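The values are calculated or read from the model by the stated rules, or taken from the named source; none is laboratory data. Source: prediction; values computed, not measured. Note: ideal-geometry Cβ built from the backbone for every residue, glycine included; neighbour counts use all protein chains shown.
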Amino acid sequence: MKSEIPVDKAADCFSGFPVVLGTVSGERDNIITLAMCHVFSFSPPLIGVGIGHKRFSYGLFKDGKDFAINVPDRSLLKAVEICGSRSGRKLDKFEAAGLTREKASKVSAPLVHECPVNIECVKVDEVETGDHVWFIGEVVAARATEGYDRNGLLLYWGDYRVIGDKVE
Ligand SMILES: Cc1cc2nc3c(=O)[nH]c(=O)nc-3n(C[C@H](O)[C@H](O)[C@H](O)COP(=O)(O)O)c2cc1C
């Protein structure tokens, strides 16, 4: 037997959301922790991030031409928490989270050096959806540390987790 779940809790039942650090440049550089990050197309390679209207980052993503997606591993959990709880409005989150800015090859957004994967995106679209705006970017460059831990962080029912057993 199945019982009703609240409509605003239905998405919690998905098996986890990727946890990434979005970076963007503008009046000041910023980092924002994001669980709303999704693939929108393989060819061309399009990835979108959902940013809430109230975030300081919103204006930076809105005004900017590009952004980057940095994939953290579990060693960066503290930095993920700082970038996901403090606003960059008056704070340099690179400094606050002990992260290092790295110059991107093709975009103006800074990369997070400590993240094993950095994906550079040029903004191609924006979609207003309720309380978030999806900024869709075309991947123009990407780099990964050789042999990095591919068990990336997931957000699942309010907890951070990593990928579990291989099923098949
Ligand atoms: C695990 C986690 C996931 C989050 N996912 C999102 C998200 O997808 N979109 C969003 O707008 N905010 C998300 N947030 C909240 C922002 O990261 C947080 O409000 C941040 O302080 C905003 O920073 P800013 O004001 O510098 O933009 C998330 C926070 C955490 C901890």
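Within the stretch 136-161, residues that are farther than 20 Å from Gly50 by Cβ sit with their Cβ atoms under 9 Å from residues that are part of a loop (DSSP other than H, G, I, E, B) and acidic (Asp, Glu), at 6+ positions apart or across chains, in these pairs: Tyr148/Asp73; Asp149/Asp73; Arg150/Asp73; Asn151/Asp73. Condition check: loosely packed, with under 13 Cβ neighbours inside 10 Å, over 16 Å from Val24 (Cβ atoms), near the ligand (Cβ under 10 Å from one of its atoms) and among the hydroxyl-bearing types (Ser, Thr, Tyr). Does Ser85 satisfy that? Taking the combined requirement at face value, the residue satisfies it. Applying the condition of being under 15 Å from Val122 (Cα atoms) and of a type in the set (Val, Ile, Thr) to the stretch 31-59 and asking which residue is farthest from the ligand (Cβ to nearest atom) yields Val39. Residue count for the stretch 88-110 satisfying the condition of being touching a helix residue (DSSP H, G or I) at 6+ places or on another chain (Cβ under 7 Å) and near the ligand (Cβ under 8 Å from one of its atoms): 3.
Evaluating Cys115 against the criteria (1) touching a Pro at 6+ places or on another chain (Cβ under 6 Å); (2) more than 18 Å from Ala35 (Cα to Cα) leaves one unmet condition, (2).
Yes or no, residue by residue, for (1) closer than 24 Å to Ser105 by Cα; (2) surrounded by 16 or more Cβ atoms within 10 Å (Cβ to Cβ); (3) modelled with pLDDT under 95; (4) of a type in the set (S, T, N, Q):
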position: Leu21; (1), (2), (3), (4): yes, yes, no, no
position: Cys37; (1), (2), (3), (4): yes, yes, no, no
position: Gly48; (1), (2), (3), (4): yes, yes, no, no
position: Arg55; (1), (2), (3), (4): no, yes, no, no
position: Phe61; (1), (2), (3), (4): yes, yes, no, no
position: Lys65; (1), (2), (3), (4): yes, no, no, no
position: Val71; (1), (2), (3), (4): yes, yes, no, no
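Taking the criterion of being closer than 10 Å to Asn70 by Cβ and surrounded by fewer than 22 Cβ atoms within 10 Å (Cβ to Cβ), the residues of the stretch 105-126 that qualify are His113, Glu114, Pro116, Val117.
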